[in-house]
1. Out of Val79, Val58, report the one residue that is touching a helix residue (DSSP H, G or I) at 6+ places or on another chain (Cβ under 9 Å), within 30 Å of Ala118 (Cβ to Cβ), aliphatic (A, V, I, L, M) and open to solvent by 60 Å² or more (accessible area, probe 1.4 Å).
2. Which number in (1) under 23 Å from Trp165 (Cα atoms); (2) at pLDDT 90 or above; (3) open to solvent by 70 Å² or more (accessible area, probe 1.4 Å) marks the one condition that Phe49 misses?
3. If Val113 satisfies all but one of (1) out of contact with any helix residue (DSSP H, G or I) (no Cβ under 9 Å at 6 or more places or on another chain); (2) more than 12 Å from Thr167 (Cβ to Cβ), what's the number of the condition it fails?
4. Which one of Met120, Met104, Met73, Met95 is within 30 Å of Arg177 (Cα to Cα) and in contact with a Phe, Trp or Tyr (Cβ under 7 Å, 6 or more places away or on another chain)?
5. What residue, among those in the stretch 21-38 that are open to solvent by 70 Å² or more (accessible area, probe 1.4 Å) and part of a helix (DSSP H, G or I), is nearest to Val151 (Cα to Cα)?
6. Would you check if Phe41 is within 20 Å of Cys168 (Cβ to Cβ) and open to solvent by 50 Å² or more (accessible area, probe 1.4 Å)?
7. Taking only the stretch 7-20 into account, find how many residues are at pLDDT 85 or above and either in a helix (DSSP H, G or I) or open to solvent by less than 70 Å² (accessible area, probe 1.4 Å) (or both).
8. Do we have Phe111 as part of a helix (DSSP H, G or I) and open to solvent by 70 Å² or more (accessible area, probe 1.4 Å) here?
Amino acid sequence: ITAGLALVDLNRKFPQFKILSLKEADFSFGLSFIKPSLHFFLIQLGQAFSLQGTVLVVGVVAGPIQVVLFSTMRTIVNVIRSFLDQLSHAAWPEMTRLDAQQYMDKFLVLFRVILRSALMASVIFITIFHFFGGFIYNFWLRKTVPFQQPVMDLFLIYMAQFIFWLTCSHPLQATNRH
């Protein structure tokens with residue numbers, strides 16, 4: 001509602017911009033955005049399904065206690081992804097600029113620095129979570145659901161490969177080549 005009111009207000013204050021008019025719209029130009037936008041959307045949709053779909057499958061197959069175990073451990077381990085994702089996202093504008101100016105050598109150096117930093121940081125985080133993940137888990141759930149170290153280790157192994165994949169996907173997204 002707020003966005004609609006803002007559009008009406010902007011259109012009234014600045015009629016020369018013709019914000020709500022489609023008279024001069026170039027629909028073929030607009031259609032050229034569909035393919036890259038759809039690819040970007042599908043990347044995000046795939047990540048959403050990988051996060052929420054697994055919870056539904058665990059609930060159906062293993063039951064509610066295992067959903068608590070699964071979801072809690074996944075959330076704890078996803079702290080690694082969230083932190084390292086910010087590192088990579090911070091470089092997106094620079095990657096886009098270097099690609100647009102066709103400085104491929106500098107682009108590759110930046111990518112290697114980000115990838116190596118993310119992998120080194122993930123090793124540090126994974127080590128910390130391997131040894132202290134049980135403490136965090138038990139503190140969070142107040143020991144109501146027993147901690148299972150093998151499940152935590154599986155999540156940490158998954159996160160190690162996911163960080164590599166995620167970091168390698170960012171240059172493609174930053175340069176609109178996804």
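1. Working: Val58 fails: open to solvent by 60 Å² or more (accessible area, probe 1.4 Å).
Sole residue among the options that is touching a helix residue (DSSP H, G or I) at 6+ places or on another chain (Cβ under 9 Å), within 30 Å of Ala118 (Cβ to Cβ), aliphatic (A, V, I, L, M) and open to solvent by 60 Å² or more (accessible area, probe 1.4 Å): Val79.
2. With respect to (1) under 23 Å from Trp165 (Cα atoms); (2) at pLDDT 90 or above; (3) open to solvent by 70 Å² or more (accessible area, probe 1.4 Å), Phe49 is out only on (2).
3. It is condition (2) that Val113 fails.
4. Only one candidate qualifies: Met95.
5. Leu38
6. Values: within 20 Å of Cys168 (Cβ to Cβ): yes; open to solvent by 50 Å² or more (accessible area, probe 1.4 Å): yes.
So Phe41 passes the test.
7. Step one: filter the stretch 7-20 for residues at pLDDT 85 or above, giving 7-16.
Restricting the remaining residues to those that are either in a helix (DSSP H, G or I) or open to solvent by less than 70 Å² (accessible area, probe 1.4 Å) (or both) gives 7-13, 15-16.
Selection size over the stretch 7-20: 9.
8. Values: part of a helix (DSSP H, G or I): yes; open to solvent by 70 Å² or more (accessible area, probe 1.4 Å): no.
Answer is no for this residue.
The values are calculated or read from the model by the stated rules, or taken from the named source; none is laboratory data. Given the structure is predicted, the values throughout are model-derived calculations rather than measurements. Cβ: placed from backbone, ideal geometry, glycine included. Neighbour counts: every protein chain shown. Surface accessibility is based on the protein's heavy atoms, side chains included, excluding ligands, DNA and RNA. Shrake-Rupley method; radii C 1.70, N 1.55, O 1.52, S 1.80 Å.
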